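One structure is given below, encoded as structure tokens.
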Amino acid sequence: MRIKKLNLQNFRNYEDETFEFGEGVNVLVGKNAQGKTNCAEAVFYLCTGASLRIRHDKQLIRRGAERARLCAETECRYGKLTLEADISESGRELRLNGAKVARAVDFLGNMKSVFFSPGELRIVQDGPDERRRFLNLSISQMSKGYASALLRYNKILDQRNNLLKERDVSLIFETLPVWDEQLARYAATIVRHRKEFLGMLAPLAGDAHAFLTDGGEKLELGFEGNYPREEEEIAEKLQKELENAYERDVRLGYTTVGPHRDDIRILIDGADARGFASQGQTRTAALSMKLAELEIFKQFSGEAPVLILDDVMSELDLARRKKLLARTEGVQCILTCTHAERVLYGTECHKIRISGGKIVS
Ligand SMILES: Nc1ncnc2c1ncn2[C@@H]1O[C@H](COP(=O)(O)OP(=O)(O)O)[C@@H](O)[C@H]1O
Ligand SMILES: [Mg+2]
């Protein structure tokens with residue numbers, strides 16, 4: 001899978017620029033605040049229909065402009081694919097090969113990418129939200145079933161939480177069972193996918209971590225959530241748990257059980273790494289998880305996704321940089337940095353120099 005061309009119009013600080021990417025390592029070089037991350041963000045947006053940095057698409061439109069347009073020409077083993085997004089104040093339009101896509105779930109995952117930036121250290125450092133976000137963005141690119149279950153689950157969860165804040169308690173107790181059957185069903189789909197994904201991710205991340213630390217440290221990942229095996233049983237258990245939590249939920253005004261509370265356990269040499277690991281350990285663990293994600297995407301779609309490495313090279317020591325580059329052989333890579341020479345050590349690459357939202361070559 002690779003992206004060949006990317007045209008950005010009124011996207012972030014780009015007025016109208018076209019990037020041409022090569023097969024291997026593409027390096028976006030430039031000083032700070034020139035538009036390197038913006039370009040990486042655009043690629044990720046076309047893969048997932050979402051940005052990692054913001055919640056409102058409006059911020060993606062160049063200040064003073066009315067609409068942003070992103071267009072990528074990509075190629076995967078099934079052929080060529082054009083991905084387009086038109087973003088305006090009033091909403092967005094997504095197109096695949098020129099045809100309008102009505103649902104975002106049909107857009108995402110057509111081109112797949114793994115994104116790694118210093119921000120991903122939050123997966124290890126921060127609270128469970130970040131780890132669920134990682135699961136959601138990753139699994140959604142592989143499974144439309146997951147993406148749509150997640151969308152529906154979140155919608156019902158919002159409605160349920162609003163209902164819990166109602167004053168009319170009898171209305172609450174009448175309505176809850178109606179929501180909960182559906183909620184438990186979508187929850188079970190989410191949980192099953194997460195368990196499967198983590199089942200694959202854990203050994204791969206463990207391998208990657210051993211490789212990066214020369215066997216010096218052991219990384220163990222696990223799913224934190226207590227569920228039975230089968231989707232059907234998960235749904236039944238959750239429905240019961242939701243019911244048992246009625247009074248607590250009403251008292252607190254929100255839903256206290258369900259996959260919106262799940263987490264990933266991260267152990268380094270047997271100790272909880274979440275919030276406790278050193279900066280260096282955190283970086284290695286996060287990178288290992290990303291390399292594992294890359295591997296899963298490869299196995300899943302039979303070809304490598306686009307790997308986006310935003311600003312991470314300068315944070316890694318020389319040995320790890322070399323190891324990372326060795327692992328990405330045969331993978332199209334979009335890498336940003338301020339000094340290409342210092343981070344790449346003669347690795348063959350296609351350099352694109354960026355200054356003030358323009359390509360200067
Ligand atoms: N919507 C926008 N309109 C215009 N400029 C923007 C917009 N969003 C971000 N920028 C500008 O983009 C620049 C940052 O680009 P970025 O890609 O993050 O830099 P870097 O090259 O350091 O990765 C900043 O100067 C910021 O003001
Ligand atoms: Mg940047």
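The values are calculated or read from the model by the stated rules, or taken from the named source; none is laboratory data. This is a predicted model, so every value here is computed, not measured. With ideal geometry, Cβ positions are generated from the backbone for all residues, glycine too; neighbour counts draw on all protein chains shown.
Per the listing G22, G35, G49, the residue uniquely surrounded by 22 or more Cβ atoms within 10 Å (Cβ to Cβ), modelled with pLDDT of 95 or more and not assigned by TED's automatic domain parsing to the domain that holds N136 is G35.
A single entry from S301, S314, S278 fulfils the requirement of being free of Cβ contacts under 8 Å to residues at least 24 places away in the same chain and of a type in the set (S, T, Y): S278.
Residues that are under 19 Å from the mean Cα position of the chain (by Cα) and within 16 Å of ligand 1 (Cβ to nearest atom) do not occur anywhere in region 296-303.
The criterion of being within 11 Å of ligand 1 (Cβ to nearest atom) and either surrounded by fewer than 15 Cβ atoms within 10 Å (Cβ to Cβ) or acidic (D, E) (or both) does not hold for I61.
The set of residues in region 111-158 being within 16 Å of ligand 1 (Cβ to nearest atom) and not hydroxyl-bearing (S, T, Y) consists of F115, F116, P118, G119, E120.
When R62 is tested against (1) at pLDDT 95 or above; (2) under 22 Å from S301 (Cβ atoms), only condition (2) is not met.
Quick one: would you say L198 is within 24 Å of K323 (Cα to Cα), within 21 Å of the chain's Cα centre (by Cα), surrounded by fewer than 23 Cβ atoms within 10 Å (Cβ to Cβ) and not hydroxyl-bearing (S, T, Y)? Taking the combined requirement at face value, the residue satisfies it.
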